[in-house]
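All remarks here apply to the structure that follows.
The values are calculated or read from the model by the stated rules, or taken from the named source; none is laboratory data. Keep in mind the model is a prediction, meaning the values are calculated, not measured. Using ideal geometry, Cβ is built from the backbone for each residue, glycine included, and neighbour counts are taken over all protein chains shown. For the accessible areas, the whole protein counts, side chains as well, though only heavy atoms, and no ligand, DNA or RNA atoms are used. Shrake-Rupley method; radii C 1.70, N 1.55, O 1.52, S 1.80 Å.
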Amino acid sequence: CLGNNEYEIQLTVYRVCNEGADFDDLALIRWYNSQNNFEGEDYFPITEQNEIDNQTIGNDCVDLPADLCIQKGIYVFNLNLPPITGGYQIAYQRCCRNPSIINIQNPDDWGSTYTVHIPGPDQVDECNNSPVFNYPPPIGLCVGDELNLNQSANDPDGDSLVYSLT
């Protein structure tokens, strides 16, 4: 929250390099009110695109293929959102997954939806910010191995954070 109803939004998307499902040059972002009624949309350009270092996979048991390439695309943009009861849902949708996915049949036929809720004045008294995770997600996991992920985060407003796994 930047003040004066202005919000900086950051969308981070990961993909396997050179395997279809390219990053959108312009991400179509839509926003809805708390009753899921359409409020607006706009296109925002990708602001950063880089490869992830395979050394940050997060698990010592993984022996990744030498030619594995993972990219991270980041879209950063501002939205002016006048206060409304219930706040806003911000959404980004896209089609298709990387064709190398083996646990989804026809991955080119499946898409993704990413959302974030921005609370309204009935839910928070002042400008509120989202927490930021301290560590990136792992790009490889070991089948049958115990999974330990550090999902700690920092909240710039000092809010308490509650986690649940579903």
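Yes/no matrix, rows are residues, columns are (1) of a type in the set (D, E, K, R); (2) touching a residue at least 24 places away in the same chain (Cβ under 8 Å):
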site: Asn36; (1), (2): no, yes
site: Tyr43; (1), (2): no, no
site: Gln49; (1), (2): no, yes
site: Asp53; (1), (2): yes, no
site: Cys69; (1), (2): no, yes
site: Leu81; (1), (2): no, yes
site: Ala91; (1), (2): no, yes
site: Asn98; (1), (2): no, yes
site: Ile102; (1), (2): no, no
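Number of residues in segment 87-117 that are among the polar types (S, T, N, Q) and within 20 Å of the chain's Cα centre (by Cα): the value is 6.
Selection over segment 139-160 of residues that are open to solvent by less than 60 Å² (accessible area, probe 1.4 Å) and out of contact with any Leu (no Cβ under 7 Å at 6 or more places or on another chain) gives a count of 3. Taken over segment 23-71, the criterion of being assigned to a loop (DSSP other than H, G, I, E, B), among the acidic types (Asp, Glu), modelled with pLDDT of 85 or more and surrounded by fewer than 12 Cβ atoms within 10 Å (Cβ to Cβ) is satisfied by Asp25 alone.
Take Tyr163 and decide whether it is surrounded by 10 or more Cβ atoms within 10 Å (Cβ to Cβ) and either among the aromatic types (Phe, Trp, Tyr) or in a strand (DSSP E or B) (or both). No: the conditions fail for Tyr163. The criterion of being within 20 Å of the chain's Cα centre (by Cα), more than 19 Å from Tyr135 (Cα to Cα), surrounded by 12 or more Cβ atoms within 10 Å (Cβ to Cβ) and β-branched (Val, Ile, Thr) does not hold for Ile84. I'd like the full set of residues that are touching a Leu at 6+ places or on another chain (Cβ under 7 Å) and open to solvent by less than 60 Å² (accessible area, probe 1.4 Å), limited to segment 91-130. Correct list: Tyr92, Ile118. Each residue in segment 77-105 was checked for being assigned to a strand (DSSP E or B) and among the charged types (D, E, K, R), and 1 pass. Of the residues making up segment 1-22, those that are open to solvent by 100 Å² or more (accessible area, probe 1.4 Å), more than 21 Å from Ala66 (Cα to Cα) and either assigned to a strand (DSSP E or B) or of a type in the set (S, T, N, Q) (or both) are Asn4, Glu8, Gln10.
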